[in-house]
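Below: one structure, written as C-alpha cells.
Computed from the coordinates by the stated procedures, all read-outs in this text should not be read as laboratory data. Please read these numbers as outputs of a predicted model, since none were measured by experiment. Cβ: placed from backbone, ideal geometry, glycine included. Neighbour counts: every protein chain shown.
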Amino acid sequence: MFIPKITVVDFMGTVEKEFEVEKGTKLLKALIDQGVDLVHTCGGNAKCTTCRVNIDVGTPTKETVAQKELFTKRVSWGLPQFSAPRMFLSCQLLVEHDMEVSPMERYNSIIHDDGVGKDTSDEITPDPAWVDLERG
Ligand code: FES
C-alpha cells in the first residue's frame, strides 16, 4: 500500500520536518497532528485563508469548489496573490501523493490562545466538490 510522504519546508526552503501519512488524510489535520503550528483561524471551514500552504512539489491538479470561490473572491478584492498556482488551503486538500509543503502563516498557538483555530475534523468542510485547477 502506498504511504504518502509530506516534507515541510520553511519560507527559505529549509526542510523542517518529514513524515508519512495515511493516504486520504486532510492535509491540515496531518500537519497539526505532526505538531506543525500553522494558523487556521476559521477552524478548517474554507472561510479565512490562514491555513494557506505553497505546494512546490507534488502540486495537486484539483481543488475544491469552496477554495476556488474563496480565492476568486480575494482576487476580485485586488489581491492577485490568490491566483498563485501552487497555493492551497490545507483544510481543503487530501493527501494523495508525496508533497513538499510550505505553510504561510505560522504560530497559531500564539495568535489564538482562546481555542480559536482548532480543527479536529477528519473530513473536509464543507462537503467537497472537486474541480480541475485552472490557476496559473
Ligand atoms: S480556510 Fe480557514 S482554516 Fe482553512
Q.
Quick check for me: using +1 on Lys/Arg Cβ and -1 on Asp/Glu Cβ, what's the dipole size of the chain about its Cα centre, in debye to the nearest 20?
A. 440
Q: Take peptides 30-43, 74-87, 117-130 and line them up by average Cβ neighbours within 10 Å, highest first, as a rough protection proxy.
A: 30-43, 117-130, 74-87
(Q) Along the charge dipole of the stretch 5-107, pointing to its positive end and built from +1/-1 on Cβ of Lys, Arg, Asp and Glu, which listed residue (Gly43, Ser90, Val75) has its Cα farthest out? (A) Val75
Q) Which lysines, on any chain, are close to Lys5 with Cα under 27 Å apart, when same-chain ones fewer than 8 places away are left out? A) Lys17, Lys23, Lys26, Lys29, Lys62, Lys68, Lys118
Q. Over the chain, what number does the Rg to Rh ratio reach, with both radii from the alpha-carbon atoms and Rh per Kirkwood?
A. 0.93
Q: Pull out a ≥ b ≥ c, the square roots of the eigenvalues of the alpha-carbon gyration tensor of the stretch 37-88, then state rounded if a/c is under 1.5, prolate if not and a/b is larger than b/c, and oblate in the remaining case.
A: rounded
Q. What ranking of Leu28, Leu70 emerges when the number of other C-beta atoms within 10 Å of each C-beta is taken as an exposure proxy, fewest first?
A. Leu70, Leu28
